[in-house]
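Here the structure is laid out as structure tokens; the discussion comes afterwards.
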Amino acid sequence: EITDCEPLTILQYTWGADQVRFELTAEPGGCRLFLIEQITKMTDHTPKDLAGWHVCLDVIERLMNGSGQATEPRKQEWEGWYNQYKQEVEKL
């Protein structure tokens, strides 16, 4: 469910019990993208989501910089980040 929307600036929606928000702010020569996820409860799925968002943002960055797609399959890229996020979440 979309909970906040301002064209060309904000998109916020529910993600299960959580909220995901994308914000664009103007900067000289372009804009900056912020991704904010409000996590209500850490679960076994949390590091999977975090790794997924990480890969998505990396892909967006590569596309915006004109460097194209990843050199390795996204699933492989995701698995590497998942392992790192899983270790960090376990520390909490």
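The values are calculated or read from the model by the stated rules, or taken from the named source; none is laboratory data. What you are looking at is a predicted structure, and each value in this text was computed from that prediction instead of being measured. Don't worry about glycine lacking a Cβ; one is built from the backbone with ideal geometry, like all the others, and counts go over all protein chains shown. What goes into the accessible areas is simple: the full protein's heavy atoms, side chains included, and nothing from ligands, DNA or RNA. Shrake-Rupley method; radii C 1.70, N 1.55, O 1.52, S 1.80 Å.
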**Prompt:** Carbon and sulfur: what percent of the chain's accessible surface (1.4 Å probe)?
**Reply:** 56 percent
**Item:** Eligible lysines near Lys91 by straight Cα distance, threshold 20 Å, same-chain separation 8 or greater
**Value:** Lys41, Lys48
**Prompt:** Over the heavy atoms of Met42, what accessible area does a 1.4 Å probe trace out, to the nearest 10 Å²?
**Reply:** 90 Å²
**Item:** Estimated FRET transfer efficiency when R0 is 35 angstrom, pair Asp4-Glu61 (beta carbons, to 0.05)
**Value:** 0.90
